[in-house]
Amino acid sequence: MTGQIFDHEVVIVGAGFSGIGVAIKLDEAGINDFLIVESASGAGGAWHSNTYPGVVVDVPSFAYSFSFEQSSEWSGVYAKGAELKAYAEHCLDKYNLRSRLVLNTAITTAEFDDELHIWRLTLSTGREVTSRFLITATGALTQPKTPDIPGADDFRGVTMHSARWNHDVDLAGKRVGIIGTGASTVTIAPTIAPTVEHLTVFQRTPIWIMPKPEAKLDGPQRTVLRHVPGVLPALRAASNVLGEVSYTLTTNYYRQLPIVPKVYERIGRLQLLHQVRDKQTRKALTPKYAVGCKRVGFSNDYLPTFNRPNVTLEASGIERITPTGIRAKDGTEHHFDVLIFATGFKTFESGNMPPFPVLGAGGADLEAFWDEHRYQAYYGVSVPGFPNLLLMNGPYAYNLTVYFQFIESQARYIVRLLGTARRIKATFVDVKREANDRYFASMLARRRNQIYFSDSCNGSNSYFFDQHGDVPIRAALTPEVHWTSGHFNLKDYDMHTAPKSAVGVNR
Ligand SMILES: Cc1cc2nc3c(=O)[nH]c(=O)nc-3n(C[C@H](O)[C@H](O)[C@H](O)COP(=O)(O)OP(=O)(O)OC[C@H]3O[C@@H](n4cnc5c(N)ncnc54)[C@H](O)[C@@H]3O)c2cc1C
């Protein structure tokens with residue numbers, strides 16, 4: 001211990017599944033002096049903070065879980081939010097992470113010490129923590145976004161954001177308005193519609209809805225999952241393939257396979273035809289952009305909600321929020337007791353990923369670097385000039401695969417890099433500018449394959465676009481992402497050791 005000049009070898013920011021996944025893999029590799037810092041009161045990230053009615057995952061749970069920690073105990077093919085939160089807690093216990101986790105504490109700034117090759121991190125408690133390496137696992141969808149609608153402060157009823165659900169508010173018998181038709185509304189609307197007096201859904205851009213092959217997993221199914229070898233891995237593999245085709249292939253190889261989104265569009269149109277009775281409503285609910293330009297919804301009961309006599313779709317646009325509700329652009333006045341903002345999250349905006357200032361070598365500011373050079377990172381992990389910083393979900397990291405496959409690839413990458421640094425006793429690990437530029441150029445070249453830059457996405461209002469007009473999603477299939485995570489060129493990194501006099505003795 002003598003002479004150690006940092007508090008922890010690694011600090012991981014965020015205890016969602018990314019933070020938990022990389023922590024488990026670091027531990028397995030013997031890199032066990034780490035601290036996980038989480039601003040919320042519990043682990044699970046998105047599944048800790050999103051507790052709105054009906055919250056449920058849209059990827060089969062056989063795949064939406066770690067490959068090394070599969071479960072036969074899911075209540076259904078699609079786990080509920082609370083089950084995923086419990087799964088996160090289970091992983092903390094099983095993999096012995098709890099003692100290395102600090103909750104209710106945010107990282108507020110990170111500053112690289114050029115002389116000592118360590119990160120100085122300020123905590124919301126006012127304390128400072130230092131680490132050799134900093135891993136950000138702060139997620140993309142954590143900071144709720146409320147739209148800038150005139151009159152937002154005038155409303156006299158109750159308001160809430162879907163990601164900060166107020167469980168003290170009883171919606172039974174209330175007139176409720178919900179703004180936004182993204183993935184949250186797709187579950188909230190059908191869940192609350194039977195109990196509220198009236199529900200009005202304000203839609204700016206319709207969402208493509210795909211059928212969801214739901215099934216309860218109890219009785220005989222559970223017995224099979226528990227006791228028949230090979231069933232869980234086979235279901236996982238099938239779910240991963242389904243995810244790869246529905247998202248990754250559809251969006252990243254649109255130019256080569258434009259037929260795939262067309263097949264999905266056909267399915268979406270058939271579902272609309274069978275599930276929405278009123279022709280005008282059906283037309284308003286039909287997207288005019290291709291499947292894949294923005295996140296698709298999976299639901300069997302969202303569209304039929306609009307057949308209910310107590311549900312209205314308002315698609316003319318919002319003029320303003322009034323003291324008693326919303327005035328639509330067509331002049332209709334809607335009166336509400338409760339107004340729900342299901343308006344999503346900050347994504348690629350400045351100051352979201354990560355949501356605190358990061359000052360790298362020579363005091364360079366990470367957001368300023370991105371503002372100037374566009375959003376980029378080598379394999380989505382490393383940014384030149386920001387040594388010893390590893391991003392779990394940086395620009396051009398995520399290829400829209402099932403998220404757990406992505407986490408495991410990113411963790412493999414980081415473990416390989418830190419393992420190498422340890423072996424050669426490097427205290428400084430920075431990606432070379434030329435290597436980063438090469439990777440960024442390859443991503444820009446590949447984007448001609450992606451759906452986003454085709455005319456099919458006009459009018460989609462997709463949150464995948466950043467402020468520069470780029471879509472920092474990795475145009476690659478999952479086998480490639482996994483392969484490169486174990487084979488990226490280590491020579492693309494500048495790794496060296498500071499003189500002993502400068503950094504003291506490393507543990
Ligand atoms: C409502 C909702 C529904 C979703 N549904 C699906 C779905 O059906 N299928 C799917 O594949 N994906 C879904 N997602 C995406 C989901 O975000 C990912 O699947 C996955 O959970 C992300 O894990 P993560 O650990 O990367 O990020 P997160 O789960 O967002 O975790 C990040 C953590 O970092 C913490 N943090 C952030 N900043 C700081 C700081 N400064 N200091 C300390 N801690 C910090 C946050 O509090 C949070 O706990 C959904 C997301 C949301 C929000």
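Among the numbered criteria (1) free of Cβ contacts under 8 Å to residues at least 24 places away in the same chain; (2) part of a loop (DSSP other than H, G, I, E, B); (3) within 12 Å of the ligand (Cβ to nearest atom), which single criterion is violated by Thr122?
(2)
Say we look at region 369-400 and pick out the residues that are in a loop (DSSP other than H, G, I, E, B) and touching a Leu at 6+ places or on another chain (Cβ under 8 Å); which of these is nearest to the ligand (Cβ to nearest atom)?
Ala397
Condition test on Lys294, is it surrounded by fewer than 18 Cβ atoms within 10 Å (Cβ to Cβ) and either closer than 29 Å to Ser454 by Cα or free of Cβ contacts under 8 Å to residues at least 24 places away in the same chain (or both)?
no
Identify, please: which residue in region 160-180 is β-branched (Val, Ile, Thr) and out of contact with any Ser or Thr (no Cβ under 7 Å at 6 or more places or on another chain) and is, among those, surrounded by the most Cβ atoms within 10 Å (Cβ to Cβ)?
Looking at the filtered set, the residue picked out is Val176.
Considering only residues that are more than 24 Å from Gly45 (Cβ to Cβ) and either within 9 Å of the ligand (Cβ to nearest atom) or polar (S, T, N, Q) (or both), which ones fall in region 125-143?
Scanning region 125-143 gives a single hit, Thr130.
Counting just the residues of region 366-402 that are polar (S, T, N, Q) and touching a Lys or Arg at 6+ places or on another chain (Cβ under 8 Å), which one comes out surrounded by the most Cβ atoms within 10 Å (Cβ to Cβ)?
The residue in question is Asn388.
Considering only residues that are part of a helix (DSSP H, G or I), out of contact with any helix residue (DSSP H, G or I) (no Cβ under 8 Å at 6 or more places or on another chain), among the hydroxyl-bearing types (Ser, Thr, Tyr) and within 14 Å of Asn252 (Cα to Cα), which ones fall in region 432-458?
Selection gives Ser442 alone.
So Gly3 ticks every box in (1) of a type in the set (Gly, Ala, Ser); (2) surrounded by fewer than 19 Cβ atoms within 10 Å (Cβ to Cβ); (3) modelled with pLDDT of 95 or more but one. Which box is left unticked?
(3)
To keep it simple, each residue is scored yes or no on (1) under 24 Å from the mean Cα position of the chain (by Cα); (2) crowded, with 22+ Cβ neighbours inside 10 Å; (3) touching a residue at least 24 places away in the same chain (Cβ under 8 Å).
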position	(1), (2), (3)
Ala189	yes, yes, yes
Met210	yes, no, yes
Pro213	yes, no, yes
His227	no, no, no
Gly230	no, no, no
Arg236	yes, no, yes
Asn252	yes, yes, yes
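Restricting the first residue to region 38-54 and requiring it to be under 15 Å from His161 (Cα atoms), which pairs with a second residue that is assigned to a loop (DSSP other than H, G, I, E, B) and modelled with pLDDT under 95 meet a Cβ separation below 7 Å and a spacing of at least six or different chains?
Ala46/Gly139; Ala46/Leu141
What's the total number of residues in region 159-180 that are in a loop (DSSP other than H, G, I, E, B), in contact with a strand residue (DSSP E or B) (Cβ under 8 Å, 6 or more places away or on another chain) and more than 14 Å from the ligand (Cβ to nearest atom)?
The total comes to 4.
Based on what the data block shows, is Ala498 in contact with a Ser or Thr (Cβ under 6 Å, 6 or more places away or on another chain), surrounded by 13 or more Cβ atoms within 10 Å (Cβ to Cβ) and at pLDDT below 90?
Yes, satisfied.
Considering only region 79-106, state which residues are within 19 Å of Ile31 (Cβ to Cβ) and either within 9 Å of the ligand (Cβ to nearest atom) or in contact (Cβ under 8 Å) with a residue 12 or more places away in the chain (or both).
Cys91, Leu92, Lys94, Tyr95, Asn96, Leu97, Arg100, Leu101, Val102
Taking the options Gly81, Gly76, name whichever one is touching a Phe, Trp or Tyr at 6+ places or on another chain (Cβ under 7 Å) and within 28 Å of Ser299 (Cα to Cα).
Going through Gly81, Gly76 in turn, the sole match is Gly81.
Listed here are the residues, each with its yes/no results for (1) in contact with an Asp or Glu (Cβ under 6 Å, 6 or more places away or on another chain); (2) surrounded by fewer than 24 Cβ atoms within 10 Å (Cβ to Cβ); (3) of a type in the set (A, V, I, L, M, F, W, C).
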residue	(1), (2), (3)
Thr109	no, yes, no
Glu115	no, yes, no
Arg120	yes, yes, no
Thr125	no, yes, no
Thr130	yes, yes, no
Ala137	no, no, yes
Ala140	no, yes, yes
Gln143	no, yes, no
Pro147	no, yes, no
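Take region 48-106 and flag every residue that is of a type in the set (A, V, I, L, M) and in a loop (DSSP other than H, G, I, E, B).
Val55, Val57, Val59, Ala63, Val77, Ala79, Leu97, Leu103, Ala106 - these are the residues of region 48-106 that are of a type in the set (A, V, I, L, M) and in a loop (DSSP other than H, G, I, E, B).
For region 15-36, how many residues are surrounded by fewer than 21 Cβ atoms within 10 Å (Cβ to Cβ) and either among the small types (Gly, Ala, Ser) or near the ligand (Cβ under 6 Å from one of its atoms) (or both)?
Count: 2.
Any idea how many residues of region 37-78 are within 11 Å of the ligand (Cβ to nearest atom), touching a helix residue (DSSP H, G or I) at 6+ places or on another chain (Cβ under 8 Å) and not small (Gly, Ala, Ser)?
Residues meeting the conditions: 13.
Could you please let me know if Tyr452 is within 30 Å of Pro287 (Cβ to Cβ) and of a type in the set (Phe, Trp, Tyr)?
Yes, satisfied.
Which of the residues spanning region 403-415 are surrounded by fewer than 23 Cβ atoms within 10 Å (Cβ to Cβ) and in contact with a Leu (Cβ under 8 Å, 6 or more places away or on another chain)?
Val415, the sole residue that qualifies.
What are the residues in region 315-332 that are surrounded by fewer than 17 Cβ atoms within 10 Å (Cβ to Cβ) and part of a loop (DSSP other than H, G, I, E, B), if any?
Those that are surrounded by fewer than 17 Cβ atoms within 10 Å (Cβ to Cβ) and part of a loop (DSSP other than H, G, I, E, B): Ser316, Gly317, Pro323, Thr324, Lys329, Asp330, Gly331, Thr332.
Scan region 362-383 and report the pairs whose first residue is polar (S, T, N, Q) and whose second residue is surrounded by 14 or more Cβ atoms within 10 Å (Cβ to Cβ), with Cβ atoms within less than 6 Å and a gap of 6+ or a chain change.
Qualifying pairs under 6 Å: Gln376/Pro395; Gln376/Phe440; Ser382/Val431.
The values are calculated or read from the model by the stated rules, or taken from the named source; none is laboratory data. Keep in mind the model is a prediction, meaning the values are calculated, not measured. With ideal geometry, Cβ positions are generated from the backbone for all residues, glycine too; neighbour counts draw on all protein chains shown.
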